[in-house]
Amino acid sequence: MLKKLASLSFLILFMGCKNTPTHPIETLTLEQVQNQINPSETQKILFTLASDSMMGRDSQSGGYFKAAEFVTDYFQANNITPFYPDYQDTLSTKGVKTYNLVGQIGTYDPQKKTILIGAHLDHVGIRGSEGDTIYNGANDNATGSTAVLQVGSFLAQFEWDQNIVLALFADEEKGLRGAYHLAQRFKDENIKPDYMINFEMIGKTLTTGANQVYMTGYNYSNMPEVINTISPNFVQFLSEAKELNLFRRSDNYAFFQELETPAFTLSSFDFKNFDFYHRAGDEAEKMEVENMNQIITTAALTIAKMMYQKTEIQMEPASVEE
Ligand SMILES: [Zn+2]
């Protein structure tokens, strides 16, 4: 009888352990994320942002504002709330007003750490007068914008101890103007993201393999190591990125320069896998949506785990090249 009681209490104890709720992120698998971020939704967003009706997403042509409206509706439908009124952070380039779109998950709390996820939404618009004049900018950067929307809506399902800010930048193609505007505004408002992950051109498969990206400024911080510990081989080093100092050529750089935020771009455009960079032929039909969706899925899982683990990202300032 005693023995039986002992084993019964053991059973109850065991069951008690089993029923202890674990945090959903703790046990989250890539497969589970894949069930939520599906390729057809990725394709739908990408094809919308890169469609001819968006006229190359330049503020001058007005196509940018149509894309911005789409993003606003998407944010609203996916529990991503405005960080600034109507999500808009307004700037003006050569007399033309435009705005970054800035959303958040939850409500901003200055006591908490802040993670920034970004991509530029704009492209170069319409050029020339013969043949295809619409520079759709599918790879550059409807793909990265799609990643921010998909990763954002995935993260918005959970409660977080950190602030998550999502930014779609205007006027990147005019000299990172949108990103600089937001970085300077953050500085004025005493907002300093603890790290930033930026997405640029993830529509083609990296030459080294499927479901891989390279990181600009690869050896400037512990971020590649952190990411690859969670998702092995996901982040690569690309020698061209170092030679051309791509670290300084996308929106991430503004946040490093203004705020010393460890800020990096993930990309799969490696100069060998796409011939239409800044050409009218940068169109949605040429994108490899399955691989792109894998990249987005892996990024979503990785960011979720980094946030759950409260990972610290540190720059190694001595390694940053001028
Ligand atoms: Zn770009």
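By a straight-distance test (C-alpha under 19 Å), which lysines pair with residue 187 as possible cross-link partners, with residues fewer than eight away in the same chain excluded?
112, 113
Can you tell me the order of 230-242, 248-260 when each peptide is scored by its average per-residue count of other Cβ atoms within 10 angstrom, highest first?
In decreasing order of mean packing, 230-242, 248-260 become 248-260, 230-242.
Take the Cα coordinates of region 32-319, assign each an equal point scatterer, and use the Debye formula without solvent to give log10 I(q)/I(0) at q = 0.11, 0.13, 0.14 Å⁻¹.
At q = 0.11, 0.13, 0.14 Å⁻¹ the computed log10 ratios are -0.56, -0.80, -0.95.
Could you tell me which helices of the chain pass both thresholds, a Cα extent of 27 Å or more along their own axis and a mean Kyte-Doolittle hydropathy of at least -1.0, with helices taken as whole DSSP H runs?
Taking the DSSP H segments of the chain (at least 27 Å long, mean hydropathy at least -1.0), we get 289-308.
R0 = 25 Å: FRET efficiency of residue 192 with residue 76, Cβ-based, nearest 0.05? Walk me through the numbers before you get to the answer.
Values: r = 27 Å, r/R0 = 1.09.
After rounding, the FRET efficiency stands at 0.35.
If you average the C-alpha positions of region 254-317 and of region 172-232 separately, how far apart do those two centres end up, in angstrom?
Here the answer is 6 Å between Cα centres.
Would you mind ranking 57, 127 so that the residue whose beta carbon has the fewest other beta carbons within 10 Å leads the list?
Fewest-to-most ranking of 57, 127: 127, 57.
Straight-line reach from residue 305: which aspartates and glutamates fall under 19 Å, measuring Cα to Cα and dropping same-chain residues less than 8 apart?
Of all the aspartates and glutamates, those that pass the test against residue 305 - Cα under 19 Å, at least 8 places apart if same chain - are 26, 31, 159, 161, 194, 225.
Amide H of residue 106 versus every other amide H placed in the peptide plane: which residues, excluding those fewer than 5 positions away on the same chain, fall under 5 Å?
For residue 106, the qualifying residues are 81.
Between residue 94 and residue 316, what FRET efficiency follows from the Cβ-Cβ distance if R0 is 51 Å, with the result rounded to 0.05?
0.85
Lysines within cross-link reach of residue 286: Cα-Cα under 24 Å, excluding same-chain residues under 8 positions apart?
44, 66, 204, 272
Summing -39500 (n - 2.57) over the DSSP H runs of n ≥ 4 in the chain and dividing by its residue number, what mean residue ellipticity at 222 nm do you reach, to the nearest 500 deg cm²/dmol?
-11000 deg cm²/dmol
Run the numbers on the chain and let me know its relative contact order in percent, using alpha-carbon pairs under 8 Å that are six or more apart.
With pairs under 8 Å counted, the relative contact order is 21 percent.
About the Cα centre of the chain, what is the dipole size in debye to 20, counting +1 per Lys and Arg Cβ and -1 per Asp and Glu Cβ, all else neutral?
Once rounded to the nearest 20, the dipole reads 960 debye.
Every number in this text was worked out from the coordinates using simple rules, so none of it is lab data. This is a predicted model, so every value here is computed, not measured. All Cβ positions, glycine included, derive from the backbone under ideal geometry; neighbour counts span all protein chains shown.
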